[in-house]
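No value in this document is a laboratory result; all are computed from the given coordinates. What you see is a predicted model, and the numbers here were worked out from it, not measured in a lab. Counting neighbours? That spans all protein chains shown, and the Cβs are built from the backbone with ideal geometry, glycine included.
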Amino acid sequence: MNTETIAEELSSLVGNKNILIDYDSRMIYAKDRTQNLIPDPSLIVFPRSESQIISIVQWANHTRTALVPSGGRTGYSGGAVAQSKEVVVSFDKMNHILAYNSEDQTVRCQPGVITKNLQNFALENNLYYPVDFASSGSSQIGGNIATNAGGIKVIRYGLTRNWVYGLNVVTGNGDLLHLNKGLIKNASGYDLRHLFIGSEGTLGIITEAIIKLSTLPSESKVALLGVQEKNTMVEILNIYRKDLQVTAFEFFSEAALKHVMCESNISHPFKRAMPFYILLEYESSEFNDEVFLGLTESCINSSSINDAIISQNMAQYKYLWSLRENISMSLSKYLPYKYDISVMPSKIPVFIEEIEDLLNKTYPDFEIIWFGHIGDGNLHLNILKPVELKGSEFFEICDEMSDAIYSLVNYYNGSISAEHGIGLLKKKFLRYTKNDVEIGYMREIKKIFDKNNIMNPGKIFDDS
Amino acid sequence: MKVLVAIKRVIDPYVKIRVKQDHSGVETQNVKMAMNPFDEIAVEEAIRLKEKGLVEEVIVVSIGDKSVQETLRTGLALGADSAIHVETDQLFSSLLIAKILKQMVQKTGSQLIILGKQAIDSDNAQTGSMLAALLEWPLASFASKIMLQGDKCQVTCEVDGGLQTVELTLPAVITTDLRLNTPRYASLPNIMKAKTKPLTVIPFNSFDISPNMDMHTIDVSPPPVRKAGIKVASVQELVEKLRHEAKVLL
Ligand SMILES: Cc1cc2nc3c(=O)[nH]c(=O)nc-3n(C[C@H](O)[C@H](O)[C@H](O)COP(=O)(O)OP(=O)(O)OC[C@H]3O[C@@H](n4cnc5c(N)ncnc54)[C@H](O)[C@@H]3O)c2cc1C
């Protein structure tokens, strides 16, 4: 079907004001934060209601048109990228918080609600939405659910999955399902809600969510710890975790910090640079502050930590966090090849060592940037493109490198994607995390919800 | 030579200020507090002078209830040598504070006083100049650069439309502006050290100063709520509204 006909037919469903077809919009809306994929959608449609979504999906089944759900487009896996004339379904116009239930401390929201807006809404009601990361000012709840987003507070509050108490979805077949309806307990057979969480738009469209909010945490403090060795970090975490409520435990290297300092034009937080840093956030009180100081002092005495600075006010709190949060953005101009790997936290030390050995031996010329949610066993290893290599050449070499790195992931029973998803970028490596039998079941599940394979086809695995 | 740095505990500048129900002031219960940012710059400058070997001792002083001791400890963690807490539950005007500071200057034998140019809560920008007047010492306000040499001090001051460089002969009073320096972070070893540094408490009533308020707060009210904007459908409608409702177009 040609684009004009598609536009005409969709206009009759949603009105022509809710369709964009121009070149610029197509380039913007059919792409996430991945940098090496070229978008080529047919057009973008902006449904304004659940019923419009149902009619769009029914139309897509009827016409066998592929749909790509597109949220805040902050994904790093190509999940929201349309490359073969698909219709992009954007939720920008379904961005309302529909209801707030103060007794249950839940909110009902449309998929296009920006993550930060939900966080702010919670704060206005003296509550807290704990899923947070550097892109929360752009990402959407629907996208967060479709990727089961993690972020910087997972160590304390878990992933997006923990906070989704109900979901409305329109399956690829066009059926509207009301899943779990906000219940805390519900033992009535398969909990399909959890299949849709993290499904990357391949099973259906999330049209509404009931999100649980948390009570407000007490004031927190953040410290930046300078360490010599990255393989002691899990040990250090365990020392703190025994006596303190740790709410974040992030790590990054001096190399990462240098890029942030350069990009944001700020000076070094420490007098003397250290190879690695841990950003530790904990729930503060007079008592906890003493505990924290005591633990840190003994770590310094035993040389597992070399130096530490602690936020004394909110400006410093924000500044220290910005050192961690601005890493991704400060690297993007280098066209980095991004890893989002995970293993059990206890395996982190050996795992890091082996990866480092491998990279040093095989790719000594590549600049390697380490950072990640180390408390969750999640490493965001970034390899920067050397200027002399073309993007395509670089990514080709990196794909080779991935086979070696992912073999290690496989050996340590880890995952090739901790939180960004598989999308387009990592599907050829999926077998390092899931075996053929498991992938076979996944394919069958997709077929049940999406008989005609119209929902984000080619994402997670190739069409069979 | 001793440097005295006056610091005030204020609501953290990042906190959204809420006016009390009865309009008697702003809400401070369970609100995050911090060192006045300009005072932080003053502490940093004093410590830098000490690190350069230009002064021997940095003393921080704060006036207020027991909680200001936490702020003083921050000053000590940044590198001050000792702290003085003038204890009172009352909230004083700039003039009363200046009177107390004058006596502290004399008690400690300080030759240089550095203060923030203003406290971000009351925004008066008066204490430093009042203190200089009471002491009859020279004053350089809104400093963005300080060069100390012997008993001479060259200070670059931010004035309307430019910079003014003045030379003072010590003893003198200086108030700090934003560009003077970037305060350092409190490192853990220094926070630990700060715990054992001397912090002297002096009750306000041991001063020969009348606590009679020379200033009374009558009412504190929040700014009027802004009216929500409206969306217009066309440029014509916009022009129409600007002309007839907002009356900004002829
Ligand atoms: C600077 C930066 C930092 C980041 N840090 C983190 C981090 O710490 N942790 C983390 O987990 N992620 C992180 N991310 C990745 C990204 O922000 C998350 O994956 C986020 O959840 C994506 O949300 P989105 O709305 O942008 O989704 P998009 O990128 O638009 O889409 C993601 C996937 O969800 C699908 N989708 C979107 N909306 C719907 C819907 N309504 N129904 C069905 N499917 C839908 C899309 O088809 C796609 O497959 C980061 C990204 C950036 C740029």
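Sparse packing (at most 15 other Cβ atoms within 10 Å of the Cβ) combined with a DSSP loop state is found for the following GluC sites (Glu not before Pro) in segment B:53-89: B:56. Projected label points at residue A:301 and residue A:49, each 7 Å from Cα along the beta carbon direction, are separated by 6.9 nanometres.
Remark: segment A:208-221, residue by residue, has Karplus-estimated 3J(HN,Hα) of 6, 9, 9, 10, 7, 9, 9, 5, 5, x, 6, 3, 10, 10 Hz, where x stands for each Gly or Pro and the curve is 6.51 cos²θ - 1.76 cosθ + 1.60 at θ = phi - 60°. Give the angle, between 0 and 90 degrees and rounded to the nearest 10, that separates the Cα long axis of helix A:254-264 from the longest principal axis of the Cα atoms of chain A. With rounding to tens, the tilt is 60 degrees.
Straight-line reach from residue A:447: which aspartates and glutamates have a Cα under 16 Å away, not including same-chain ones fewer than 8 places off? Residue A:447 reaches A:175, A:200, A:438, A:462, A:463. Taking 28 Å as the limit for the C-alpha separation, the pairs A:185/A:347; B:66/B:107; A:116/B:247; B:20/B:107 exceed it in the case of A:185/A:347; A:116/B:247; B:20/B:107. Taking Cα atoms only, the orientation of helix A:115-124 departs from the longest principal axis of chain A by about 70 degrees. Using the Cβ-Cβ distance between residue B:33 and residue A:365 with R0 set to 56 Å, the FRET efficiency from 1/(1 + (r/R0)^6) comes to roughly 0.65.
On a C-alpha basis, how far is the centre of segment A:243-278 from the centre of segment A:208-229 in Å? Whole number, if you could? Comparing the Cα centres of segment A:243-278 and segment A:208-229, I get a distance of 17 Å. Of all DSSP beta bridges confined to the protein assembly as shown, the antiparallel ones make up roughly 65%. Taking B:154, B:21, B:69 as the candidate residues, the one with maximal mean-square fluctuation in a Gaussian network model of chain B, Cα springs under 10 Å, is B:21. How would segment A:121-261 be classified by its alpha-carbon gyration tensor: rounded, prolate or oblate, with rounded meaning a/c under 1.5 and the a/b versus b/c comparison settling the rest? Prolate, because a/c is 1.5 or more and a/b exceeds b/c. Sorting the segments A:194-200, A:179-185, A:444-450, A:426-432 by their mean number of nearby beta carbons within 10 angstrom, highest to lowest, gives A:194-200, A:426-432, A:444-450, A:179-185.
Between the alpha-carbon centres of segment A:283-314 and segment A:434-462 there is a gap of 48 Å. Bridging of residue A:93 to aspartates and glutamates at a Cα separation below 15 Å is possible for A:50, A:208, once same-chain residues fewer than 8 apart are set aside.
Taking B:68, B:55, B:235 in turn, the Gaussian network model of chain B (Cα-Cα springs below 10 Å) assigns the largest fluctuation to B:235. Could you work out [θ]222 nm for chain A from helices alone, using -39500 (n - 2.57) per DSSP H run of at least four and dividing by all its residues? Round to the nearest 500 deg cm²/dmol. The helix contribution divided over chain A gives -10500 deg cm²/dmol. Of all lysines in the structure, those lying under 27 Å Cα to Cα from residue A:258, and not within fewer than 8 positions of it along the same chain, are A:153, A:221, A:230, A:271, A:318, A:333, A:338, A:361, A:385, A:390.
What does the charge dipole of segment A:313-452 about its Cα centre add up to, to the nearest 20 debye, if the Cβ of each Lys and Arg holds +1 and the Cβ of each Asp and Glu holds -1?
Magnitude of the dipole: close to 620 debye.
In the protein assembly as shown, Rg over Rh equals 1.03, where Rg is the alpha-carbon radius of gyration and Rh the Kirkwood radius from pairwise Cα distances. Peptide A:270-276 shows a mean partner chain C-beta count of 1 within 10 Å per residue C-beta.
Charged side chains reduced to their Cβ positions (Lys and Arg at +1, Asp and Glu at -1) give the protein assembly as shown a dipole of some 660 debye around its Cα centre. Centre-to-centre separation between the Cα atoms of segment A:61-134 and those of segment B:188-248: 35 Å. Proximity of backbone amide H atoms, modeled 1.01 Å from N, is registered between residue A:248 and A:281 at under 5 Å, excluding neighbours fewer than 5 places apart on the same chain.
Candidates B:76, B:201, B:46 compared by Cα position along the dipole of segment B:2-222: farthest toward the positive end lies B:76, with charges placed on Cβ. Farthest towards the positive end of the charge dipole of the protein assembly as shown, among the residues A:41, B:25, B:4, is the Cα of A:41, using unit charges on the Cβ of Lys, Arg, Asp and Glu. Tell me whether segment B:2-222 comes out rounded, prolate or oblate; compute the Cα gyration tensor, take square roots of the eigenvalues as a ≥ b ≥ c, and use a/c under 1.5 as the rounded threshold. Rounded, since a/c falls under 1.5. Note on chain B: with a GNM built from Cα contacts shorter than 10 Å, the maximum mean-square fluctuation among B:199, B:238, B:135 falls on B:238.
For segment A:58-66, backbone phi angles converted through the Karplus equation (6.51, -1.76, 1.60; θ = phi - 60°) give residue-by-residue couplings of 5, 4, 5, 5, 4, 9, 6, 9, 6 Hz, Gly and Pro being listed as x.
Let me spell out the model: positive unit charges on the Cβ of Lys and Arg, negative unit charges on the Cβ of Asp and Glu, origin at the Cα centre of segment B:2-222. What dipole size does that give, in debye rounded to 20?
Value, rounded to 20: 640 debye.
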